[in-house]
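Here's the structure we're looking at; comments come further down.
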Amino acid sequence: MVGSAILRKLEQEGYSNFILRTSKELDLTNQQAVSAFFEEEKPEYVFLAAAKVGGIEANNTYRAQFLYENMMIQNNVIHQSYVHGVKKLLFLASSCIYPKLSPQPIKEDFLLTGGLEPTNEPYSIAKIAGVKMCENYNRQYGCDFISVMPTNLYGPNDNYDLETAHVLPALLRKFHEAKMQEEKTVDARSEPVELWGSGNPRREFLHVDDLAEACFHLMQTYKGNISVNIGTGKDISIKVLAELIREIVGYKGKLIWNKDKPDGTPRKLLDVSLIHGLGWKHRIGLEEGIKEVYMNKYEK
């Protein structure tokens, strides 16, 4: 999702000299393969968006894989970028690397000031390591490697697999499928949609096209060791988000909140004053963005 959005943005800006590989064509966890790729292609600028990602269940189930694969991907790409003289690299971390009970809104310097959310601790540790690699390769080797911490993302090419998806695409799929079932039911009574947790946690959501614009802007203008927050500065409860998506989709049935399932971090709102000061602000509103995503995914 992120890589394709960055590519779209670069194409819109007139860039065309891309070096692209799918995960099937290049295994970024393979040190020798990554080294050979950099030796052959010698890229000048690198956007490191590749990662193993997922929602609460995937993070909590595949803990070793999330730690190992993400560490290998970023270790290989960041190190080979240094070895082969890449002019600038942007590493995409994640807002989940902040402490679980961090003061809100979360400032960049709150990193490593408290314990992590247990359900996604392995992923968070890997991403923290990537941020620190960029920082310390800059310090030791004089590289120009920057990192960013996006909030929760949604948009084109999102993952809708209910076992691994993040909350927003998972809700879109659940409500859409429930609506389809509802329309097939003669008496208009459908099975209720079950959602995880209490619905009380608050989350911030950013359209991936806004993220791509922010990354493009920072690659052109920013140099430094502070990992920059990228978000909207506004959050919403999962319960209100669910009601918004239900209305957009047009599902009329009931919701059941399964409080035996985990909520995750209670609140995660980024302080975006730094990136606002650097000259970027988001432009796509949440309701507008969700409507667009739903129309493109299910209504076309």
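Residues are listed down the side, and each one gets a yes or a no for (1) without any contact (Cβ under 8 Å) to a residue 40 or more places away in the chain; (2) in contact with a helix residue (DSSP H, G or I) (Cβ under 7 Å, 6 or more places away or on another chain); (3) among the acidic types (Asp, Glu):
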| position | (1), (2), (3) |
| --- | --- |
| Met1 | no, yes, no |
| Lys9 | no, yes, no |
| Gly14 | yes, no, no |
| Leu26 | yes, yes, no |
| Pro43 | no, no, no |
| Phe47 | no, yes, no |
| Ala50 | no, yes, no |
| Glu57 | no, no, yes |
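From the list Asp187, Asp161, the lone residue that is surrounded by fewer than 15 Cβ atoms within 10 Å (Cβ to Cβ) and at pLDDT 85 or above is Asp161. Screening the candidates Val228, Val240 for the property of being modelled with pLDDT of 95 or more, buried (at least 22 other Cβ atoms within 10 Å of the Cβ) and among the hydrophobic types (A, V, I, L, M, F, W, C) yields one hit, Val228. Name the residue that is modelled with the highest pLDDT, counting only residues in segment 254-291 that are touching a Pro at 6+ places or on another chain (Cβ under 9 Å) and part of a strand (DSSP E or B). So the residue we want is Leu270.
Residues that are charged (D, E, K, R) and in a loop (DSSP other than H, G, I, E, B) within segment 244-253 comprise just one, Lys252.
If only one of Lys52, Lys87, Lys24 is of a type outside the set (A, V, I, L, M, F, W, C), closer than 25 Å to Ser227 by Cβ and loosely packed, with under 15 Cβ neighbours inside 10 Å, which one is it? Don't jump to the end; show me each part of the working.
Numbers: Lys52 fails: loosely packed, with under 15 Cβ neighbours inside 10 Å; Lys24 fails: closer than 25 Å to Ser227 by Cβ.
None of the other options fit; the residue is Lys87.
For segment 103-139, residues that are crowded, with 21+ Cβ neighbours inside 10 Å and either among the small types (Gly, Ala, Ser) or closer than 17 Å to Asp235 by Cα (or both) total 4. Looking only at residues in segment 211-243 that are assigned to a loop (DSSP other than H, G, I, E, B) and touching a strand residue (DSSP E or B) at 6+ places or on another chain (Cβ under 8 Å), the one that is nearest to Leu195 (Cα to Cα) is Asp235. Tallying residues that are modelled with pLDDT of 95 or more, of a type in the set (Gly, Ala, Ser) and part of a helix (DSSP H, G or I) within segment 80-120 yields 1. Checked against the criteria, Asn70 does not count as part of a helix (DSSP H, G or I), under 24 Å from Arg202 (Cβ atoms), of a type in the set (S, T, N, Q) and within 18 Å of the chain's Cα centre (by Cα).
Listed here are the residues, each with its yes/no results for (1) under 24 Å from Gly285 (Cα atoms); (2) among the hydrophobic types (A, V, I, L, M, F, W, C).
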site	(1), (2)
Ala170	yes, yes
Lys174	yes, no
Gln181	no, no
Gly199	yes, no
Lys223	no, no
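The values are calculated or read from the model by the stated rules, or taken from the named source; none is laboratory data. Since this is a predicted model, take the numbers as computed values, not measurements. All Cβ positions, glycine included, derive from the backbone under ideal geometry; neighbour counts span all protein chains shown.
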